[in-house]
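Read the structure below first, then the notes.
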Amino acid sequence: MYCCKVTTLKSPPNLPHSKQRRMSVSFSHFSIPFSESSIASSISLSTGAANNFQLLRGSCLVLHGGASDLCQRFRGLKLRILKRLNRRQHVPANDLKRIRNQDKDQPENPSRNDEQISEAASTIPSSNGSTEDHTRTTSQPKKSTLPPLVQTNSSNLNVDDNHERPSLCIAVIGATGELAKNKIFPALFALYYSGFLPENVGIFGYSRKDLTDEDLRSLIASTLTCRIDHQQNCGDKMDAFLSRTYYLNGGYDNKEGMSKLNSRMEQIEAGYPASRIFYLSVPHEALPDVASSLADNAQTKKGWNRIIIEKPFGFDAVSSQLFTKSLLSKFEEKQIYRIDHLLGRNLIENLTVLRFSNLVFEPLWSRTYIRNVQVILSEDLSMPLGRYFDGYGVIRDIVHSHILQTIALLAMEPPISLDGEDIRNEKVKVLRSIRNLEPSDVILGQYKATSGNKVDVSLSSRTPTFFAAALYIDNARWDGVPFMIKAGVGLIKHRVEIRIQFNSVPGNLYRERIGHNTDLATNELILRDEPDEAILVKINNKIPGLGLNLDASELNLLYKDKYNVEVPDSYEHLLLDVIDGDNHLFLRSDELAAAWNILTPVLQWIDQNNIAPELYELGGRGPVGSYYLWAKHGVWWADD
């Protein structure tokens, strides 16, 4: 919430007139001093709104009313002031973005008093009591005497003065599972330790086990670590975080359990406004009932509510559509965050930065210059399979979300802004433009394993652990450019990268020096996430010395050499996005449906024809058929 104080101060009469009277507006995040004449000596209020204000002796303006009402009313006034000041001096863009993101979660029909406050803020009275439009008073700009704005908090969440009253509560449903213990709680602590969560945050663990608060704290304490690059006060921060962690045994009745969770949250919140995030780390067959019970019994009415749902997002188009329909009957789209941890990697976030902030790349980003694009995700033996993998396979687990979302971000048109909805609008256009997959352009594989390989050997004979395909996007930018995708587990090494191969130079003067294999001399942009995060540009270069000998060299930006920082885990990145209301890396319902429309015909073809995957050696390079698929589409196979 945002609280504010408006005070007019009198100064000694011997000071110059411009310095005699100053007005200060203080918010939870900002202090913005400005001369009284810049907005006028008072604020005109309608009759309904005026009841909350009283002008006292000494020119002090005192605000009366409920804290939540006043904060909500002045949020719009704060945004107006910041926008207007932004024309005169720099205001950090992130602060305006955070206010807008918070406003998205407010009720769509504000009260009449809120409208009156907004109307009052849009007009500025002069010192003699007459009302003038603000644009008239600023038509002759004066030199600003405002000091720079200082950002005092990186989060859009206000920290209450009372340590026991949280402004944000986060509930992990399925708190005793492996994902919660090894990923979610460590990510929450990392955010808390780095100052991205309010000091008084409330963390709630919910499951069916009979545990106490201390039991949960002991369970997760061993998984919490502090940043390597700044270890200050690690023990104190960990103790403070654990002291803010609570446990609730929800039992087997979700409705009753969610009612208990709501009561426990209200007890900790002590009647003060607080927003809530619910992370549903539960088996997918339990999701519908858990989500419905949560919506009916655990949402707060004193702040926003957001839910996080883990992949896979359905088994096929039909099951996904039914679950989406169930969710949207209980929640608004803006409340739903479908999370895929692979989309929280720095490589994915860097795609839009690389494209839209570098002039050297964007003009080349089309069929005119790009020959093909390869999206590769291979996992070695060290990556354990999820417990649901046998039923879903690599297509539903990795390709449906991570691979298709990567292609959408890579191939989309420039959005009108960096707002999450604008980016999602462009992504869904790409997904809807992808041509139907032909069975001949799909390769399925499954690793061969024995009991001595320490991997899951009980996979169904038709569960694919490898998927390769050639996708085409039927639009003006990408017509005819093959997007080759390869995703598999149990391969030779862990590798995540995007390779963009450019067309050959027309009439190349050095073709005789290059030789017959022109693929080796083709320019290439490589965006690598694993094994070592890097950006590589492959160019042709003369080898030093006598004679004219060419070599294909790489311009290398290796992150570990350039940036001496610890890279946050992808769950940290995505959880912070949820807190900030940034949803551009989360699948919207129409994106989800578009992705299923691409893959459902392939899944039906596999089931109807009992297609068995091609076997490949565990720890090898995948099915031989994938090499032929690359050759069919004229794409040079990148060495593993």
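The values are calculated or read from the model by the stated rules, or taken from the named source; none is laboratory data. This one's a predicted model, so the numbers in the text were calculated from it and none came from an experiment. Positions of Cβ are generated from backbone atoms using ideal geometry, with glycine treated the same way; all protein chains shown enter the neighbour counts. SASA here: full protein model, heavy atoms, side chains in, ligands and nucleic acids out. Shrake-Rupley method; radii C 1.70, N 1.55, O 1.52, S 1.80 Å.
Can you name the number of the only condition in (1) surrounded by fewer than 20 Cβ atoms within 10 Å (Cβ to Cβ); (2) closer than 29 Å to Glu426 by Cα; (3) in contact with a strand residue (DSSP E or B) (Cβ under 7 Å, 6 or more places away or on another chain) that Asp479 fails? The one condition Asp479 does not meet is (3). Screening Tyr247 with (1) at pLDDT below 90; (2) in contact with an Asp or Glu (Cβ under 6 Å, 6 or more places away or on another chain); (3) open to solvent by less than 40 Å² (accessible area, probe 1.4 Å) gives one miss only, at (1).
Listed here are the residues, each with its yes/no results for (1) open to solvent by less than 20 Å² (accessible area, probe 1.4 Å); (2) more than 17 Å from Arg367 (Cβ to Cβ); (3) touching a Leu at 6+ places or on another chain (Cβ under 7 Å).
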position: Ala470; (1), (2), (3): yes, no, yes
position: Met484; (1), (2), (3): yes, no, no
position: Arg495; (1), (2), (3): yes, yes, no
position: Arg499; (1), (2), (3): no, no, no
position: Val505; (1), (2), (3): no, no, no
position: Leu525; (1), (2), (3): yes, no, no
position: Lys538; (1), (2), (3): no, yes, no
position: Leu546; (1), (2), (3): no, yes, no
position: Pro568; (1), (2), (3): no, yes, no
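For the range 553-566, the set of residues classified as open to solvent by 50 Å² or more (accessible area, probe 1.4 Å) and not charged (D, E, K, R) consists of Leu555, Asn556, Leu557, Tyr563, Asn564, Val565, listed by residue number. Criterion applied to Cys226, Cys169, Cys234 was being modelled with pLDDT of 90 or more and surrounded by 14 or more Cβ atoms within 10 Å (Cβ to Cβ), and the one residue passing it is Cys169.
Just to be sure, is Tyr369 in the same structural domain as Ser401 (by the TED database), in contact with a strand residue (DSSP E or B) (Cβ under 7 Å, 6 or more places away or on another chain) and of a type in the set (Ser, Thr, Tyr)? Here the answer is yes, as Tyr369 does meet what is asked.
Residue-by-condition table, conditions (1) part of a strand (DSSP E or B); (2) modelled with pLDDT of 80 or more:
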position: Ile526; (1), (2): yes, yes
position: Pro544; (1), (2): no, yes
position: Leu557; (1), (2): yes, yes
position: Val565; (1), (2): no, no
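Only one of (1) open to solvent by 40 Å² or more (accessible area, probe 1.4 Å); (2) in contact with a Phe, Trp or Tyr (Cβ under 8 Å, 6 or more places away or on another chain) fails for Lys260. Which number is that? Checking Lys260 against (1) open to solvent by 40 Å² or more (accessible area, probe 1.4 Å); (2) in contact with a Phe, Trp or Tyr (Cβ under 8 Å, 6 or more places away or on another chain), the one that fails is (2). Would a scan of the range 539-561 turn up a residue that is over 27 Å from Lys183 (Cα atoms) and touching an Asp or Glu at 6+ places or on another chain (Cβ under 6 Å)? Checked the range 539-561: at least one residue is over 27 Å from Lys183 (Cα atoms) and touching an Asp or Glu at 6+ places or on another chain (Cβ under 6 Å). Here's a check for you: in the range 364-387, which residue that is at pLDDT below 90 and out of contact with any Lys or Arg (no Cβ under 9 Å at 6 or more places or on another chain) is farthest from Pro613 (Cα to Cα)? Top of the filtered list is Ser382. Within the set Lys255, Lys209, the sole residue that is in contact (Cβ under 8 Å) with a residue 40 or more places away in the chain and assigned to a loop (DSSP other than H, G, I, E, B) turns out to be Lys209. A search for C-beta distances below 8 Å between a residue of the range 527-546 that is over 17 Å from Ile500 (Cβ atoms) and of a type outside the set (Val, Ile, Thr) and any residue that is open to solvent by less than 30 Å² (accessible area, probe 1.4 Å) and modelled with pLDDT of 90 or more, counting only pairs 6+ apart in sequence or on different chains, returns Glu530/Val496; Glu530/Glu497. Scanning the range 601-640 for residues that are open to solvent by less than 20 Å² (accessible area, probe 1.4 Å), in a helix (DSSP H, G or I) and not small (Gly, Ala, Ser) returns Val602, Leu603, Ile606, Leu629, Trp630.
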